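I have placed the structure first, in the form of structure tokens, so that the comments after it can refer back to it.
The values are calculated or read from the model by the stated rules, or taken from the named source; none is laboratory data. These figures come from a predicted structure and were not determined experimentally. No Cβ is skipped: glycine too gets one built from the backbone with ideal geometry, and neighbour counts run over all protein chains shown. Heads up: the accessible areas ignore ligands, DNA and RNA and are worked out on the full protein's heavy atoms, side chains in. Shrake-Rupley method; radii C 1.70, N 1.55, O 1.52, S 1.80 Å.
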Amino acid sequence: MDRSEAKERIEELREEIEEHNYRYYVLDDPTITDREYDRLLRELEELEEEYPEFRTDISPTQRVGASPADEFESGEHRTPMLSLSNAFEEREITEFRDRVQRKLGTEDELTYIAEPKLDGLAIELIYENGELSEGLTRGDGRTGEVVTRNIKTIRSIPLKLRSDGGEVPSLLEVRGEVYMEKGSFQKMNERRAEEGKDLFANPRNAAAGSLRQLDPSVTAKRPLNAFFYDTGVVEGREFTTQEELLNYFPDIGLRVNPYAEKCQGIKEAKEVYSKLEKKREEIPYEIDGIVIKVNDFNLREELGAKTRSPRWAIAYKFPPERAKTRIKDIEVGVGRTGALTPVAKLEPVEIKGATISRASLHNQDEIDEKDVRIGDTVIIQRAGDVIPEVIKPITEERTGDEEKFQLPDHCPVCGEPVKRPEGDAIHRCVNISCPARIKEAIKHFGSKAAADIEGLGDKLVDKLVEEGLVESIADLYRLDRKEIANLERMGEKSAENLLNALEESKEISFSRLIYALGIRHVGEHLANVLSRNFADFEGLKEAKKEELTSINEIGPEVGDSIVNFLANDSNLKLIEQLDKVGVKYEREAREDEKILDGTRFVFTGQLDDYTRSEAEDLVERLGGRATSSVSSLTDYLVAGENPGSKYEEAQEEGTEIINEEQFKELIQH
Ligand code: IVH
């Protein structure tokens, strides 16, 4: 290929790649597989490498993120980015309509566009002659931060506008919202927790934190996306309605929200509100209300704006997920690991249709930091399905009768001393025969992913322990039919079923049994890892911390936890007792199957025949190692559909990249 052919091919590739981006992100209708997409991108990268003179800022290769900056420059918005006035009640929406009509001197209902109010962060992108030249955050509305390089890493944002058949505007400032999906946010936080990093409080913070990264390669790895709903200055094109704008944006490659609706009169807008409020949970990103906008731009002009917000639009917010209530008392729960958790008992209050009467206070440090006291009026918040949290006390509403709270120095259940290990935020009851701990330990033991004892519900466990029938996990297997049948709300039939379930649970895999014991920090995955590396508890008991931590996924903290657990007499006794009552565990892999022998794999994207954890388990069962991030030690990256940033990382590291077929060949499956 000569120079001019290369140039031609480069341009062709850029166009093709952006076309596929558009199909994938805007139309949600990809025509090639991710692998094919990556092949194109790689070819482009190689050509740009070979012919650096053809590099440009708006090449799709620039989406991986440039080098870090010291600080963001600030940039002025040519026209200010206004905010919206808020309404919380239907009456206020009627008033909005009346105001608008009065100002326009009309009795006729207008046409509105109702759109979800996206809970992300507002941005402005500037396209000059169709090319993305600048991206700005909203900032204070007049001046924002220049985040162009970060914006470019968001694949759904076109670097070059498509042509809708005609000329693209010579200048187009578009405004919209960058956000992170709820699921991606959750996953990202889980990963961060594993890595011991600070968690983001909500998807909006995560999106903002990700976009405002001085190192664009960090942004590139974050699952950000964007919707567009407004313009700033436009030259070379005229829009007359919001409807026209929303129809036009996708034609030039800009995503618009699919829930936007045209409404004839305000009543229809109110209907959109009710509809979206019901749908809210199932929408994959957070919305906190709807925005009702006058459709006609001439009318908008007539209506004008107040200092901070236009008169032609209003945000109709969903009822807050936060609520104000009073802390009646603070109770202390004791968990399986002996952790003492302060829980606020609240005057019942409703959030999003659920009555909330308890909220977590996490630990003593949290209580001290927030200065939460018994009797305080507080703001609580319910985010998604998680346990509601106390956000802060309203100190202005204190009467002086509030009481500070201190976790007890003796366990509220067993009365034994409570300890707080150095460097740990958690107070713990260290008595392993504490009834509270026993209950929780038994519940965990019987849970689905552990010994899976059907019919052993929480209430029954509480009863069994309270009645003194069960003092340890092993006692479960010593229960007799009569004892169980005599319990309140049980009977012959339930007793029989429980005994059968117990009998069945005696045959258990080694990994499930390790997990069921509830060793701190040892979840299902690590239990699996341990079961692959050790033949039995004998072997595990003999393992020194160094041996444990030499296993890739086991860090020092986990290592300590395992060693401590197995150095404890009562735990050893439990393992012995379980054996005595007939719990027999079985290892899943035999030595002779270990064909992968330490080979390290990283998976990215979706596989056809396995879930991620099935594939990882398989690797480990065959003696290999599956890790979550690519490093110089990684032997293979297995790339499925929609591979993530690991793909690029593997390319950088020079790791061998294989597909699912090749993976199957390798493991001879
Ligand atoms: S229109 C002048 N539409 O709400 C009107 N804003 O309080 C410009 N927002 O900063 C905004 N979804 O971040 C508009 N569909 C939507 C929106 C939306 C979210 C945010 C935006 C803005 C804030 C105004």
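Scanning the range 447-481 for residues that are in contact (Cβ under 8 Å) with a residue 40 or more places away in the chain and either part of a helix (DSSP H, G or I) or at positive phi (or both) gives ASP452, GLY455, ILE473, ALA474, TYR477, ARG478. Of the listed requirements (1) of a type outside the set (A, V, I, L, M); (2) open to solvent by 20 Å² or more (accessible area, probe 1.4 Å); (3) farther than 23 Å from ARG532 by Cα; (4) assigned to a helix (DSSP H, G or I), GLY644 misses just one: (4).
Only a single item in (1) closer than 23 Å to GLU134 by Cα; (2) in contact with a helix residue (DSSP H, G or I) (Cβ under 9 Å, 6 or more places away or on another chain) is not met by ALA114, and it is number (1).
Among the residues of the range 365-386, those identified as outside any strand (DSSP E or B) and farther than 22 Å from ARG420 by Cβ are GLY375, ASP376, ARG382, ALA383, GLY384, ASP385, VAL386. Can you tell me which residue within the range 249-262, out of those that are among the aliphatic types (A, V, I, L, M) and either within 16 Å of the ligand (Cβ to nearest atom) or assigned to a helix (DSSP H, G or I) (or both), is surrounded by the most Cβ atoms within 10 Å (Cβ to Cβ)? Result: LEU254.
Taking strands (runs of 3 or more DSSP E) as the structural unit, those lying wholly within the range 121-194 and holding at least 2 residues that are in contact with a Pro (Cβ under 8 Å, 6 or more places away or on another chain), in contact (Cβ under 8 Å) with a residue 24 or more places away in the chain and over 14 Å from THR231 (Cα atoms) correspond to 171-180. Among the residues of the range 282-299, the ones that are assigned to a helix (DSSP H, G or I) and either within 10 Å of the ligand (Cβ to nearest atom) or open to solvent by 50 Å² or more (accessible area, probe 1.4 Å) (or both) come to 2 in all. Within the range 617-633, being touching a residue at least 60 places away in the same chain (Cβ under 8 Å), under 25 Å from the mean Cα position of the chain (by Cα) and open to solvent by less than 50 Å² (accessible area, probe 1.4 Å) holds for ASP617, THR627. If you scan the range 53-94, which residues turn out to be closer than 28 Å to VAL233 by Cα, more than 16 Å from the ligand (Cβ to nearest atom), assigned to a loop (DSSP other than H, G, I, E, B) and open to solvent by 50 Å² or more (accessible area, probe 1.4 Å)? If the condition is that a residue be closer than 28 Å to VAL233 by Cα, more than 16 Å from the ligand (Cβ to nearest atom), assigned to a loop (DSSP other than H, G, I, E, B) and open to solvent by 50 Å² or more (accessible area, probe 1.4 Å), then ASP57, GLU71, GLU73 are the ones that fit.
Within the range 17-45, the set of residues being open to solvent by 70 Å² or more (accessible area, probe 1.4 Å) and modelled with pLDDT of 90 or more is empty.
Taking the range 2-30 as the range and being of a type in the set (A, V, I, L, M) and part of a loop (DSSP other than H, G, I, E, B) as the test, only LEU27 passes. Within the range 349-364, the set of residues being within 25 Å of GLU422 (Cα to Cα) and assigned to a strand (DSSP E or B) comprises just one member, SER360. Can we say GLY523 is open to solvent by 20 Å² or more (accessible area, probe 1.4 Å) and closer than 26 Å to GLU454 by Cα? Answer is yes for this residue. Of a type in the set (Val, Ile, Thr), open to solvent by 20 Å² or more (accessible area, probe 1.4 Å), within 16 Å of the ligand (Cβ to nearest atom) and in contact with a strand residue (DSSP E or B) (Cβ under 9 Å, 6 or more places away or on another chain) - does that describe any residue in the range 131-146? Taking every residue of the range 131-146 in turn, at least one turns out to be of a type in the set (Val, Ile, Thr), open to solvent by 20 Å² or more (accessible area, probe 1.4 Å), within 16 Å of the ligand (Cβ to nearest atom) and in contact with a strand residue (DSSP E or B) (Cβ under 9 Å, 6 or more places away or on another chain).
Residue by residue through the range 212-248, note down the ones that are crowded, with 19+ Cβ neighbours inside 10 Å and assigned to a helix (DSSP H, G or I). Listed by number, the residues that qualify are PRO216, THR219, ALA220, GLN242, LEU245, LEU246. Would you please name the residue that is least open to solvent (accessible area, probe 1.4 Å), looking only at residues in the range 650-665 that are without any contact (Cβ under 8 Å) to a residue 40 or more places away in the chain and closer than 17 Å to LEU596 by Cα? Among those that are without any contact (Cβ under 8 Å) to a residue 40 or more places away in the chain and closer than 17 Å to LEU596 by Cα, it is ILE658. Checking ILE283 against (1) touching a residue at least 12 places away in the same chain (Cβ under 8 Å); (2) more than 29 Å from TYR22 (Cβ to Cβ); (3) out of contact with any Cys (no Cβ under 8 Å at 6 or more places or on another chain), only one condition comes out false. Which one? Tallying (1) touching a residue at least 12 places away in the same chain (Cβ under 8 Å); (2) more than 29 Å from TYR22 (Cβ to Cβ); (3) out of contact with any Cys (no Cβ under 8 Å at 6 or more places or on another chain), ILE283 fails exactly one: (2).
Looking at the range 147-188, which of its residues are among the aromatic types (Phe, Trp, Tyr) and away from the ligand (no atom under 16 Å from the Cβ)?
Of everything in the range 147-188, just one residue is among the aromatic types (Phe, Trp, Tyr) and away from the ligand (no atom under 16 Å from the Cβ), namely PHE185.
Only residues that are more than 16 Å from the ligand (Cβ to nearest atom) and either surrounded by 18 or more Cβ atoms within 10 Å (Cβ to Cβ) or in a helix (DSSP H, G or I) (or both) were counted across the range 195-205, and they come to 1. Residues that are within 26 Å of CYS429 (Cβ to Cβ), aliphatic (A, V, I, L, M) and in contact with a strand residue (DSSP E or B) (Cβ under 8 Å, 6 or more places away or on another chain) do occur in the range 388-396. Restricting attention to the range 300-348, the residues that are open to solvent by less than 50 Å² (accessible area, probe 1.4 Å), more than 30 Å from GLY446 (Cβ to Cβ), in a strand (DSSP E or B) and away from the ligand (no atom under 16 Å from the Cβ) add up to 4.
How many residues does the range 398-449 hold that are within 29 Å of ILE327 (Cα to Cα) and of a type in the set (Ser, Thr, Tyr)? Residues in the range 398-449 being within 29 Å of ILE327 (Cα to Cα) and of a type in the set (Ser, Thr, Tyr): 1 in total. Mind checking which residues of the range 102-120 are of a type outside the set (Phe, Trp, Tyr), modelled with pLDDT of 95 or more and within 16 Å of the ligand (Cβ to nearest atom)? Within the range 102-120, ILE113, ALA114, GLU115, PRO116, LYS117, LEU118 meet the criteria.
Of the residues making up the range 121-130, those that are more than 16 Å from the ligand (Cβ to nearest atom), at negative phi and open to solvent by less than 20 Å² (accessible area, probe 1.4 Å) are ILE126, TYR127.
I'd like the full set of residues that are more than 20 Å from GLN101 (Cα to Cα) and in contact (Cβ under 8 Å) with a residue 24 or more places away in the chain, limited to the range 260-280. Matches in the range 260-280: ALA260, GLU261, VAL272, TYR273, LEU276, GLU277, ARG280. Scan the range 418-436 for residues that are surrounded by 11 or more Cβ atoms within 10 Å (Cβ to Cβ) and free of Cβ contacts under 8 Å to residues at least 60 places away in the same chain and the total you get is 4. The set of residues from the range 169-181 being under 37 Å from the mean Cα position of the chain (by Cα) and surrounded by 21 or more Cβ atoms within 10 Å (Cβ to Cβ) comprises LEU172, GLU173, VAL174, GLY176, GLU177, VAL178, TYR179, MET180.
If you go through the range 447-494 and keep only what is touching a Gly at 6+ places or on another chain (Cβ under 9 Å) and of a type in the set (Ser, Thr, Tyr), you end up with TYR477, SER494.
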